[in-house]
Amino acid sequence: MQEITISSHFFRSALSKAAERGLPTAQLLAEARISQQLFNQTAVRITATQYAKLQTLTMRALDDEMLGYGSRPIPVGSWSLVCHWLLSCTDIGDALSRLCLCFRLMEKGFKLDLISDSSLTGLRITPWDDSQPEPYAYELFMFGIHRILCWLAKDMIPTREIHLPYRLPQQADEYRVMFPHARVCFDSDRCELVLEASAKTLPIKQKTEDLIEFLHNPMLSIIVNSYNEKSWTVKTQDYLRQHLQEIPTLLEVATEFGIHTKALRKALEKEGISYGDLKSQLRRDVAIQYLTNTDKTIEAIAELIGFSETSTFTRAFKTWTRMTPKQYRHSVS
């Protein structure tokens, strides 16, 4: 079971342009198993599976893989063609150059220019015209580009810097998950996805048969990946997942890993998260998965994620989502 959950900003944004164009959004939400009551909540979260399904359905309805956010739509199937072309690259440096060529030929989505020197590599991302894309356009495009590169290399390629041409948004905390380790610069005069120079030499490891499997559910494959197992965040999260009913202390986790508590704390902070936040987010996401996909009682879920009292779990869940577990379950049933 994948415990990743998605902020309301992203799933509301995914449907926004379809609503503006008068498409049957209620039907799209129903097919993605998202109730209107849940959609109307501003602080709620949904599962990665629901979000990926909503994205896919909306892209098909609009015939636009940019979900209506580009000045020129990207017809459904375009990313599949790009991925097929990228498979014949030798390494990530080659793939970055070919991505630039792909989008120059299509003249859709964004214009890509390669940036590279002895210490870094990456892409400069600019609109094809003088329009000012909304933040979600950049989020959708940059996240997709980065995760496809990670998929090609079978590695979570660290992002060095992200430059974004808009002010700090409410959903900024989500960026530390979207772009691990990155220094995110808002209100920039440009949009750039910057990687370490060493990324250029990472070999392409995927094959045609891997792409066929990837394209069965590409949006979910992009969101959910297993290429970040080297990070302290993922190592700690995996250990906590095995001990949710009796959540260990930071000292106990550090002892298990054979390092000092202070070293683990600093390692997590360097990756943009505290031990307390990591523990809370895992509990939240697992609870949402159970409420959405199982018929376990609320009392059982509370126990499974380490709460000795259901009332304590209820208060915590309401802090996370502004809904009680009972209200949340009713909204997804």
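The values are calculated or read from the model by the stated rules, or taken from the named source; none is laboratory data. Worth saying up front: this structure is predicted, and the values here are computed from it rather than measured. All Cβ positions, glycine included, derive from the backbone under ideal geometry; neighbour counts span all protein chains shown.
Among the residues of the range 186-215, those that are crowded, with 18+ Cβ neighbours inside 10 Å and either in contact with a Gly (Cβ under 6 Å, 6 or more places away or on another chain) or part of a strand (DSSP E or B) (or both) comprise Glu192, Leu193, Val194, Leu195, Lys200.
The residues of the range 279-298 that are of a type outside the set (A, V, I, L, M, F, W, C) and within 28 Å of Lys235 (Cα to Cα), listed by number, are Lys279, Ser280, Gln281, Arg283, Arg284, Asp285, Gln289, Tyr290, Thr292, Asn293, Thr294, Lys296.
Among residues belonging to the range 246-282 that are assigned to a helix (DSSP H, G or I), over 25 Å from Phe307 (Cα atoms) and of a type in the set (A, V, I, L, M), point out the one that is modelled with the lowest pLDDT. Walk me through it before giving the result.
So the first thing to find is which residues in the range 246-282 are assigned to a helix (DSSP H, G or I), and the list is 246, 250-257, 261-270, 275-282.
Okay, now just the ones that are also over 25 Å from Phe307 (Cα atoms), so 262-263, 266-267, 269-270.
From what is left, the residues that are of a type in the set (A, V, I, L, M) are 263, 267.
Values: Ala263: 95, Ala267: 90.
Looking at the filtered set, the residue picked out is Ala267.
Out of (1) modelled with pLDDT under 95; (2) surrounded by 15 or more Cβ atoms within 10 Å (Cβ to Cβ), what's the single condition that is false for Thr56? Status for Thr56: all satisfied but (1). If you go through the range 1-43 and keep only what is under 16 Å from the mean Cα position of the chain (by Cα) and under 18 Å from Lys318 (Cβ atoms), you end up with Thr5, Ser7, Ser8.
So that you can scan it fast, the table gives a plain yes or no per residue for (1) among the hydrophobic types (A, V, I, L, M, F, W, C); (2) surrounded by 15 or more Cβ atoms within 10 Å (Cβ to Cβ); (3) at negative phi:
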position	(1), (2), (3)
Ala263	yes, no, yes
Leu268	yes, yes, yes
Ile273	yes, yes, yes
Asn293	no, no, yes
Glu299	no, no, yes
Gly306	no, yes, no
Thr314	no, yes, yes
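Taking the numbered list (1) in contact with an Asp or Glu (Cβ under 9 Å, 6 or more places away or on another chain); (2) under 25 Å from Leu15 (Cβ atoms) in turn, Glu65 passes all entries but (1). The single residue among Trp128, Trp79 that is of a type in the set (Phe, Trp, Tyr) and touching a residue at least 60 places away in the same chain (Cβ under 8 Å) turns out to be Trp79.
Which of the residues that make up the range 295-325 are in contact (Cβ under 8 Å) with a residue 24 or more places away in the chain and polar (S, T, N, Q)? Thr321 - this is the single residue of the range 295-325 that is in contact (Cβ under 8 Å) with a residue 24 or more places away in the chain and polar (S, T, N, Q). All of (1) surrounded by 15 or more Cβ atoms within 10 Å (Cβ to Cβ); (2) under 18 Å from Phe214 (Cα atoms); (3) modelled with pLDDT under 95 hold for Cys89 with one exception: (3).
When you check Ala30 against the structure, is it over 21 Å from Met106 (Cα atoms) and touching a residue at least 12 places away in the same chain (Cβ under 8 Å), yes or no? The answer is no for Ala30.
Scanning the range 53-79 for residues that are over 15 Å from Ile145 (Cβ atoms) and assigned to a helix (DSSP H, G or I) yields Lys53, Leu54, Gln55, Thr56, Leu57, Thr58, Met59, Arg60, Ala61, Leu62. Taken together, the criteria place Leu96 among residues that are at pLDDT 95 or above and of a type in the set (A, V, I, L, M).
Residue check: Thr47 meets all listed conditions (1) under 22 Å from the mean Cα position of the chain (by Cα); (2) over 27 Å from Arg284 (Cα atoms) but one, namely (2).
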